[in-house]
Amino acid sequence: RLTDDAATAETLRNYRLAFRPQSVPLALSWLPEDEAQLTALLGAADGAGVHLSGPSGCGKSLMAHRLAIALSDQGHPVILVAGKDVADSWRDTVRREIGLLVDGRPDEILGALRKAQRPLALVVDGVNEIRGDRKDAVRGVLAMARRYEAVLIVTDQTAAGDAFAGLSPIEVPQPSLN
């Protein structure tokens, strides 16, 4: 029988393994313009998180997946939420996303997250796609990050501004053809 600490570690390890198949193909399909761009992206998550902004189709989502995999490889559990899939309740949205990865065991995962030594990485892909008022959407994202003491990775078509103060802003241009 596993101790509580060992059981928590095993639960989170299994969750991280379940997360990888959905994100690795996307993460590896992002091709940085140069090594400096990759280094800047990976280094930006050392603080509170990253706000990736740019026009549709510039690679923000692929970059977010690349960062999510890097954080997962460092032992961070990752919850990835597509903005367009956010329901009326952030709690229900997070529980649904966890349940889709680990066969409906969100309470077990959330309990393990509370006990974990590693902060959660919360990825919200497409804040601009969350239904309703933008101010409410941003408040919801920030509240979830606070609740889970998460490293926050956000993609958005709008520059960070004051709404996401504290996150490292990265503006993503359209990729070059070179």
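Summary table below
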quantity	calculated
Extreme residue, nearest to K84 (Cα to Cα), among residues of the stretch 123-137 that are surrounded by 16 or more Cβ atoms within 10 Å (Cβ to Cβ) and small (G, A, S)	G126
Every pair of residues 6+ apart whose Cβ atoms lie under 7 Å, when the first sits in the stretch 134-147 and is over 14 Å from D92 (Cβ atoms) while the second is in a helix (DSSP H, G or I) and open to solvent by less than 10 Å² (accessible area, probe 1.4 Å)	A137/V127; V138/V127; V141/V127
Number of positions in the stretch 146-178 that are of a type in the set (A, V, I, L, M, F, W, C) and either in a loop (DSSP other than H, G, I, E, B) or farther than 15 Å from L67 by Cβ (or both)	9
Test: residue in the stretch 36-51 that is more than 17 Å from the chain's Cα centre (by Cα), in a loop (DSSP other than H, G, I, E, B) and not polar (S, T, N, Q)	no
L177 being open to solvent by less than 60 Å² (accessible area, probe 1.4 Å) and among the hydrophobic types (A, V, I, L, M, F, W, C)	no
A112 on the phi < 0 side of the Ramachandran plot, of a type outside the set (D, E, K, R) and in a helix (DSSP H, G or I)	yes
Residues of the stretch 24-68 satisfying the condition of being free of Cβ contacts under 8 Å to residues at least 40 places away in the same chain and of a type in the set (V, I, T)	T39
Residues satisfying the stated conditions in the stretch 76-114, i.e. under 22 Å from A45 (Cβ atoms) and surrounded by fewer than 14 Cβ atoms within 10 Å (Cβ to Cβ)	R114
Residue identified as more than 26 Å from L62 (Cβ to Cβ), part of a loop (DSSP other than H, G, I, E, B) and out of contact with any His (no Cβ under 7 Å at 6 or more places or on another chain) among D107, D136, D92, D103	D103
Per-region count, the stretch 59-75, residues farther than 20 Å from A163 by Cβ and open to solvent by less than 20 Å² (accessible area, probe 1.4 Å)	7
Any hit, the stretch 32-51, residues being at pLDDT 90 or above, of a type outside the set (V, I, T) and either open to solvent by 20 Å² or more (accessible area, probe 1.4 Å) or closer than 16 Å to A121 by Cα (or both)	yes
Residue in the stretch 157-174 that is farthest from V50 (Cα to Cα), counting only those that are touching a Cys at 6+ places or on another chain (Cβ under 7 Å) and surrounded by fewer than 12 Cβ atoms within 10 Å (Cβ to Cβ)	Q174
Selection status of S72, part of a loop (DSSP other than H, G, I, E, B) and on the phi < 0 side of the Ramachandran plot	no
Selection status of P25, of a type outside the set (A, V, I, L, M), more than 15 Å from the chain's Cα centre (by Cα), within 18 Å of Q157 (Cβ to Cβ) and surrounded by fewer than 15 Cβ atoms within 10 Å (Cβ to Cβ)	no
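The values are calculated or read from the model by the stated rules, or taken from the named source; none is laboratory data. This is a predicted model, so every value here is computed, not measured. Here the Cβ is made from the backbone with ideal geometry for all residues, glycine too, and neighbour counts use every protein chain on show. Surface areas here come from the heavy atoms of the whole protein model, side chains and all, with no ligands, DNA or RNA. Shrake-Rupley method; radii C 1.70, N 1.55, O 1.52, S 1.80 Å.
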